[in-house]
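Visitor: Pasting a structure below so you can have a look.
No lab work stands behind these numbers, since they all come straight from the coordinates. Quick caveat: nothing in here was measured; it's all calculated off a predicted structure. Cβ atoms come from the backbone with ideal geometry, glycine included; neighbour counts cover every protein chain shown.
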């Protein structure tokens with residue numbers, strides 16, 4: 001009986017891993033298909049609040065692959081805007097492979113240094 005329980009657990013675990021992999025593939029395909037749209041939308045929302053918007057990481061250097069995520073840097077003029085902008089972006093862009101790095105202009109120099117720019 002214990003062998004049967006272990007077998008069932010293993011099969012269940014395998015099914016969960018397969019479903020998780022399928023979901024990850026869907027997110028990656030969505031990102032590759034819609035990256036330009038996500039960038040354009042992020043710039044539109046950022047500009048609405050007087051922000052500067054940059055693309056960094058593999059999409060910024062045009063060396064992206066299916067494993068990549070999209071890093072969007074938004075330089076906000078006022079810390080008070082951070083939450084408002086992030087909420088608006090996440091309502092429009094639900095793919096978790098899109099990462100928003102919302103920083104103030106004071107931290108832009110440091111961010112560029114860390115990112116190697």
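Visitor: Each label point is 7 Å from the Cα along the Cα-to-Cβ direction; what then is the distance between the points at residue 79 and residue 63, in nm?
Guide: My value for the distance between the label points is 3.5 nm.
Visitor: Another question, if that's okay. For the stretch 2-115, calculate the relative contact order in percent as a whole number, restricting contacts to Cα pairs under 8 Å that are 6 or more residues apart.
Guide: 24 percent
Visitor: For the stretch 2-115, which semi-axes, largest first and in whole Å, follow from the square roots of 5 times the eigenvalues of its Cα gyration tensor?
Guide: Computed over the stretch 2-115, the values are 36, 15, 14 Å.
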